[in-house]
Amino acid sequence: MAKKALIVGINAYPQSPLNGCVNDANDWNATLTVFGYTNTILLDSMATKANILNGLNWLLGNATSGDSLVFAFSGHGSKIVDTSGDELDSYDEVICPVDVFSGQYIIDDDLRTLFNGLPANVTLDIFLDSCYSGTASRNLTNPLLNARCIPGPLTAGKKVKTISRLTTIVPTLNHILWTASRDNQTSVEVNINGIVRGLFSYYANRYIRQYSYYPRGSLITAIQNAVSKINSNQTPQLECTSTENTQRPFT
């Protein structure tokens, strides 16, 4: 059984730079190493669209039944008008590579196409610590809470769809999606003990290591409770099958 992870952390955007994403990536690397994963890490200038897609092809390529895979992204998120007609709210969620301001971004449809080829019985946990990440970026609103969102042309209006449940059970989903917020919310980074980190990433790493015996459904509840005490406008989400909701991650 192979255990592989692609970890992306981007602070060095040429516009709207961030502070905590590389720390998030380092946290994920440490956590996943404890669980026996072989990790590829893309930080800052290395985290271009081309390199992220190549990394995802490495992650998913040659996957076989029983493998455990992880994709962790920490950086800006955004949204664009949906042109394929597959979004109820008319917007596609976007993760933003470092070259996003050159028009290089990755939409949820791109990720869905990659994940559709996943063989049966391969576990893929996806962690997105970016704004509007529910179902798929940090603006300054408070001296202690910096939101991970790209303003401007990519943010194409207010989203109208929300996910009201903490865990959404999707019987046919072939991956597990952990997101820092609902798809109409921003996700923040915050100074914790002198180190800036994504609020979601910090508690996800902390609780996954501290409570490794918890199933995913219990972990997301613990993470959401911790996050909401600091930022009541951010609600981490989990989308998975009912079976995966009752299983421990990274096993």
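Rule-based calculations on the coordinates, nothing more; no lab input. Note that the coordinates shown come from a computational prediction; the quantities given were computed from them, not determined experimentally. No Cβ is skipped: glycine too gets one built from the backbone with ideal geometry, and neighbour counts run over all protein chains shown.
The table below gives the values:
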{"quantity": "Restraint check, 3/49; 4/49; 3/79, Cα-Cα greater than 29 Å", "calculated": "3/79"}
{"quantity": "Net charge contributed by nearby residues that have their C-beta within less than 10 Å of residue 201 (K/R +1, D/E -1)", "calculated": "-2"}
{"quantity": "Neighbour-count ranking [beta-carbon atoms within 10 angstrom, fewest first] of 92, 109, 24, 67", "calculated": "109, 67, 92, 24"}
{"quantity": "Fewest-first ranking of 76, 175, using other Cβ atoms within 10 Å as the exposure measure", "calculated": "175, 76"}
{"quantity": "Neighbourhood charge, 15 Å Cβ-Cβ cut-off, centred on residue 36 and excluding it, Lys, Arg +1 and Asp, Glu -1", "calculated": "+2"}
{"quantity": "Residues residue 104 and residue 65, FRET efficiency given R0 of 30 Å [Cβ-Cβ distance, rounded to 0.05]", "calculated": "0.35"}
{"quantity": "Proxy reagent accessibility, fewest Cβ within 10 Å first, across 101, 127", "calculated": "101, 127"}
